[in-house]
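This report refers to the structure that appears directly beneath it.
Rule-based calculations on the coordinates, nothing more; no lab input. Note that this is a predicted model, so its numbers are computed, not measured. All Cβ positions, glycine included, derive from the backbone under ideal geometry; neighbour counts span all protein chains shown.
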Amino acid sequence: MRWLLLKDLLILRRSPLVLALLVAYPLALGALIGFALSGDEGKPRVAFVNEVPSGQALELGGGEEFGADRARAELCARVECVDADSRGQAEEMVREGEVLGALILPRDLVARLRSLTGLDPEPARVEVLVNEDDPVKAQLVDDRIQALVGEANLALAQRISAQAGEYIELLIDGGTFEVPLVGTEVPILGLGRAARLLERVQQELPAQSPVRDSLERVIEFARMAGENIDFALPLLGAIAEPIAVEKVTVAGAGTALDAFAIAIAAAVTLMFVSVLLVAGSLALEREENTYARLARVVAPGALLAGKLALGLVASLGVTLLLLVALTPFVSVAWERLPLILAALAVGGVAVAAFGAAIGSLAREVRAASLLAFMSALPIAFLSLIPSGVVGPTLFDMARVVRALFPFDPALDAIAAALDPSGGGIAAPLAHLLALALAYSALARLALRRFA
Amino acid sequence: MQTSEPEPGIGPAIEVRGLSYSFGARRALHGVSFEARAGELVAVIGPNGAGKTTLLSLLAGRRKPDVGTVRVRAGAVGWVPQELALYRRLTVAENLLLFARLEGLDDPRAAVADLLERAGLAERRNEPVATLSGGYRQRVNIAIGLLRKPAVLLLDEPSTGLDPRQRARLWEFVRDLAGGGTTVLFTTHHLGEAERYGERLLVLADGELVFNGSAAALHAEAGAPDGGDFEAAFVSFLRERGH
């Protein structure tokens with residue numbers, strides 16, 4: 001096996017194009033993913049146009065205001081803001097792809113917000129521009145801005161609700177009310193003080209006074225209103241946020257996004273490099289007619305072991321190079337190196353066994369490469385379909401198919417190795433070992449059948 | 001196992017008895033028997049599909065016969081496949097060294113150095129196979145079959161794809177091998193080569209051995225004058241026997 005592996009590595013070294021690809025591919029992929037993950041914390045660029053006249057803001061009470069500045073601050077906390085002077089400029093930026101989308105605050109935004117507390121309310125509107133040439137980008141900016149508007153609505157509703165609560169308390173306890181815009185303070189008696197005032201008036205009335213009963217009914221109303229109107233306070237709070245979200249993770253390992261992205265990159269690299277290399281190398285033995293000669297002096301098991309070793313060496317080399325290339329951009333958990341090596345090694349062997357099965361079926365390198373590519377690509381895609389996106393039956397079928405190929409468990413193993421919260425590594429490693437054995441047996445059978 | 005190794009120095013170098021082999025329902029060889037002495041050059045000829053390559057595969061041990069025995073005098077059987085079986089990106093020496101190691105030779109480097117000299121490849125030892133001419137490639141191909149210093153060398157159409165000058169050099173090399181005591185069995189479609197270099201001819205047709213003798217004897221069997229057109233005599237011989 002040692003001589004076969006050395007021979008394959010020597011042939012690989014003498015193939016400058018393949019060797020250059022094996023080095024350049026992980027470096028380029030690592031740099032691309034690194035830039036994608038680290039570039040401005042992954043925020044999309046969104047143009048911001050403010051048409052609201054300077055100084056206009058909706059007073060929320062308690063000294064708080066909601067206006068263009070606050071909207072911009074909220075937006076820029078979620079996306080990378082690019083200020084545009086006009087709607088036309090923003091539209092041009094979206095069309096040219098400089099920004100993912102644009103948010104326009106219209107001139108009447110604050111006036112409409114103010115109208116919400118008046119007798120003739122008009123809902124406020126903001127305008128969102130997206131480029132529908134790319135539906136994925138359009139959906140992304142839609143989601144971001146919808147979430148932003150939803151949060152703004154919630155903040156406004158909570159603030160208005162709190163303000164209403166303060167008014168109710170003023171109504172109950174009395175005090176002073178500052179009239180918005182005018183700035184004049186108006187004294188408010190309050191239901192409690194009104195009841196007490198009326199009680200004193202009642203006591204001073206003659207016992208036979210005909211208004212005494214009427215006054216008693218007014219006092220009773222003021223007392224009951226004062227005691228019960230504060231029930232409205234929690235109700236107002238509930239209206240402001242009728243549905244609160246409480247997130248509970250019931251399945252999935254909760255792997256960090258960075259670690260998962262790295263795991264996907266490593267698993268895809270593993271899949272393509274190892275499968276293509278091993279399938280191509282085994283098919284090359286047939287294409288160059290060396291298989292028949294080798295079969296006279298080497299047992300099929302030893303030949304397969306040599307190819308699996310080639311897959312293992314290439315997988316480890318290329319994926320470690322990928323992780324090294326990613327290190328300047330994102331945090332790779334190098335302190336977990338033993339687990340990373342275990343995941344890459346076992347994953348590499350399983351994927352190599354899959355490649356050997358393909359290579360043993362094909363008689364030519366081109367056929368083997370095509371077969372390897374055409375099987376690896378859909379398997380990788382299938383493994384990345386999240387639950388809930390397709391129907392339950394289709395998803396269950398996809399899970400069964402995914403379990404038959406090494407990409408899915410390799411992804412799980414690498415994710416677990418890279419991130420402590422990425423779930424257990426033992427089960428995917430065992431799965432990979434089982435697949436490695438199964439595909440090796442299949443490859444051996446195919447070699448015996450088709451040699 | 002159908003192959004055994006009798007005591008050295010006794011009997012022919014290779015002895016084949018009642019060899020039969022089928023691919024499923026199709027009979028490829030049926031009751032083939034012959035023997036060859038040490039240093040003899042034996043040409044195996046016949047129409048396409050006659051069973052020539054199958055016979056060499058059975059003699060090489062690549063396939064197990066359904067019936068029959070192959071007895072080889074002490075020593076290995078070297079097999080050189082019909083098509084070049086070399087790693088084109090490796091050099092001549094690297095190809096030989098790889099197979100020497102896989103064959104488990106005691107001193108692979110010494111064996112390769114010796115073979116490079118004997119095969120006239122010493123000057124080309126560091127050249128990648130991909131850059132060699134067809135004649136040299138075939139020489140490397142044959143050299144690998146000689147690594148274990150076999151008593152019997154099986155060459156499956158060794159001159160295919162070579163120009164006349166390369167063919168002449170190849171046969172010179174093969175003759176030297178036979179002169180050194182190696183029994184050489186070769187298949188060929190070039191009847192002229194079989195007539196010129198084969199000390200004995202085995203004619204296969206539809207899986208049966210229909211002739212075993214010299215070229216002159218085949219002429220006689222075909223009723224053609226010795227030294228006449230060998231190809232015409234061969235065709236006439238087969239036609240008379242219904243092939």
Report summary line: Answer in debye to the nearest 20: the dipole magnitude of region B:82-150 about its Cα centre, from +1 Lys/Arg and -1 Asp/Glu charges placed on Cβ, is 140
Query raised in the report: Say R0 is 22 Å: what FRET efficiency, to the nearest 0.05, do A:L404 and A:L341 get from their beta-carbon distance?
Result: 0.30
Query - chymotrypsin sites (Phe, Trp or Tyr not before Pro) restricted to region A:327-399 and DSSP loop, no more than 11 other C-beta within 10 Å - result: none
Query raised in the report: For chain A, what is one quarter of the convex hull surface built on the Cα atoms, given in nm²?
Result: 32.5
Report summary line: In debye to the nearest 20, the charge dipole size for the protein assembly as shown, taken about the Cα centre with +1 at each Lys and Arg Cβ and -1 at each Asp and Glu Cβ, equals 4340
Report task. Could I get the Rg over Rh figure for chain B? Both from C-alpha atoms, Rh via Kirkwood, rounded to two places. Result -> 0.97
Report task. Select from A:L277, A:V211, A:L316 the residue farthest towards the positive end of the dipole of the protein assembly as shown; place +1 on Cβ of Lys and Arg, -1 on Cβ of Asp and Glu, and compute about the Cα centre. Result -> A:L277
**Report entry** GNM flexibility winner over chain B from B:L105, B:L154, B:L146 (Cα, springs under 10 Å)
**Finding:** B:L105
Report summary line: Between B:E172 and A:L197, the two model label points (7 Å from Cα along the beta-carbon direction) sit apart by a distance in nm of 13.3
Query raised in the report: What's the average, rounded to a whole number, of partner chain beta-carbon atoms within 10 Å of each residue's beta-carbon in B:57-70?
Result: 1
Query - Cβ-based charge dipole, the protein assembly as shown, positive-most Cα from B:H190, A:A259, A:I229 - result: B:H190
Query raised in the report: Averaged across the residues of B:97-103, what count of C-beta atoms belonging to other chains lies within 10 Å of each residue's C-beta?
Result: 5
Query raised in the report: Which of B:G198, B:G78, B:G31 moves the most in a Gaussian network model of chain B with Cα springs under 10 Å?
Result: B:G31
**Report entry** Using θ = phi - 60° and Karplus 6.51 cos²θ - 1.76 cosθ + 1.60, couplings along region B:109-117 (whole Hz; Gly, Pro as x)
**Finding:** 5, 5, 4, 5, 4, 5, 5, 4, 5
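What is the fewest-to-most order of B:H190, B:H219 by other Cβ atoms lying within 10 Å of their Cβ?
B:H190, B:H219
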Query raised in the report: Build a GNM of chain B with springs between Cα atoms under 10 Å: which of B:N212, B:N95, B:N48 gets the top mean-square fluctuation?
Result: B:N48
Query - Residue-averaged [θ]222 nm for chain A, counting only DSSP H segments that reach four residues, each worth -39500 (n - 2.57) - result: -22500 deg cm²/dmol
Query raised in the report: Taking every residue in B:120-130, how many Cβ atoms of other protein chains lie within 10 Å of its Cβ, on average?
Result: 0
Report summary line: Shape call for region A:330-451, from the Cα gyration tensor axes a ≥ b ≥ c (a/c under 1.5 means rounded, otherwise prolate when a/b beats b/c, else oblate), comes out oblate
Query raised in the report: Across chain A, where is the longest run that never hits trypsin sites (Lys or Arg not before Pro) in a DSSP loop with at most 16 other C-beta atoms within 10 Å?
Result: A:126-246
**Report entry** Qualifying chymotrypsin sites (Phe, Trp or Tyr not before Pro) for region B:17-82 [loop in DSSP, other Cβ within 10 Å: at most 10]
**Finding:** none
Report summary line: A chain fully extended from A:Q158 to A:R72 at 0.36 nm per residue, minus the present Cα-Cα distance, gains in nm 29.0 nm
Query raised in the report: So what are the ³J(HN,Hα) numbers for region B:12-24, from phi and the Karplus equation (6.51, -1.76, 1.60; θ = phi - 60°), rounded to whole Hz, Gly and Pro as x?
Result: x, 5, 9, 9, 10, 9, x, 6, 10, 7, 10, 9, x
**Report entry** Karplus (6.51, -1.76, 1.60) ³J(HN,Hα), θ = phi - 60°, over region A:151-168, in Hz, Gly and Pro reported as x
**Finding:** 5, 5, 4, 5, 4, 5, 4, 5, 5, 5, 4, 5, 5, 5, x, 4, 4, 5
Requested in this report: Would you list the P(r) distribution for region A:46-171, with all Cα-Cα distances sorted into 10 Å bins from 0 and each bin expressed as a whole %?
Outcome: 13, 41, 30, 13, 3, 0
Query raised in the report: Long-range amide H contacts for B:F186: which residues qualify at under 5 Å (H placed 1.01 Å from N, peptide plane, sequence gap of 5 or more or a different chain)?
Result: B:V42, B:A43, B:V44, B:L155
Query - Cα-Cα P(r), region B:82-150, percent of pairs per 5 Å interval - result: 4, 20, 35, 26, 13, 3, 0
Report summary line: FRET efficiency for B:R165 and A:S15 from the Cβ-Cβ distance with R0 = 25 Å, rounded to 0.05, comes out at 0.15
Report task. Using amide H atoms built 1.01 Å from N in the peptide plane, name the residues 5+ places from B:V67, or on other chains, whose amide H lies under 5 Å from its own. Result -> B:S20
**Report entry** If the convex hull is drawn through the Cα atoms of region B:3-125, its volume per residue in Å³
**Finding:** 150
Requested in this report: Grab the alpha carbons of region A:189-236, take their convex hull, and tell me the volume per residue in Å³.
Outcome: 61
**Report entry** A:F177 versus A:L445: modelled label distance in nm, points set 7 Å from Cα along the beta carbon direction
**Finding:** 8.5
Report summary line: Checked against the positive end of the charge dipole of the protein assembly as shown (+1 on Cβ of Lys and Arg, -1 on Cβ of Asp and Glu, about the Cα centre), the farthest of A:L171, A:G301, B:G135 is B:G135
